[in-house]
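As structure tokens, the structure follows; a few thoughts come after it.
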Amino acid sequence: MTMPCVRVVEARCLRLIASIVLMVILRPYGVVTQEVTGPALTAAFLFNFLKFTTWPQDVLPDAAPLTMCVVNAPAIGSALTGAVKGRVVAGHAIRVAQPTDDAALRGCHLLFVSGPRPAALKAIGVVRDTPVLTVSDLQGFTTDGGIAQLHLQQGQLRFAFGLDAVRASRLQISSKLLALARQP
């Protein structure tokens, strides 16, 4: 009469042992996840925009550093500094700045603006129609004269381009990047 109970216990023990063995065997192949923060994701997008944009020779001579500027977004500036440290794009070292005056804004190659809308619009007004790739996460940024707008669409970070602003800037943005753009 004790036989059925022993079989049940043995079956449970075997399942437990099999489960432990599988966990030990499969552990090295487990998926390691890394949480990406909003600023880190934005920094990655900005770096990729940089890689797929060409500036006129008179604005960015050979071996001159590419300057990525961030206004009103210190967390993104910090994430961007870490993301581009030691990186080179098309022979250009990359530096990150957080300009505070109009003259410094004119020295940017890529300008990311966020924060209060009036301050952002003032910043892009300073560099409008110049070879500065302006990017923002503000709604309606491309209709206000900005070049690229980051936006959330179905939980994913997407981007759109204002083609009139691209033409006026004299920047050449890769058709591969333009093809990935999605209107908000």
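Derivation of every value follows stated rules applied to the coordinates shown; laboratory data play no part. What you see is a predicted model; the values in this text were computed from it and never measured. Here the Cβ positions follow ideal geometry from the backbone for every residue, glycine too, while neighbour counts run over all protein chains shown.
Among Ile147, Ile173, a tally of other beta-carbon atoms within 10 Å of each Cβ gives an order, fewest to most, of Ile173, Ile147.
If you take all other residues with their beta carbon under 15 Å from the beta carbon of Phe159, and give Lys and Arg +1 and Asp and Glu -1, the sum is +3.
Count Lys and Arg as plus one, Asp and Glu as minus one, and take only other residues whose Cβ is under 13 Å from that of Leu121; the net charge is then +2.
In straight-distance terms, cross-link reach from Lys176 covers every one of the lysines whose alpha-carbon lies under 24 Å from its own, apart from those fewer than eight places away in the same chain; here that gives Lys51.
Only the Cβ atoms of Lys and Arg (+1) and of Asp and Glu (-1) were treated as charged; on that basis the dipole of the stretch 38-180 about its Cα centre amounts to roughly 280 debye. The largest-to-smallest principal axis extents of the Cα set in the stretch 38-180 are 38, 34, 31 Å. The length gained on full extension between Ala181 and Thr54, counted as 0.36 nm times the residue separation minus their Cα-Cα distance, comes to 44.0 nm.
The residues packed around Ala93, meaning those with a beta-carbon under 15 Å from its beta-carbon, carry a net charge of +3 if Lys and Arg are +1 and Asp and Glu are -1.
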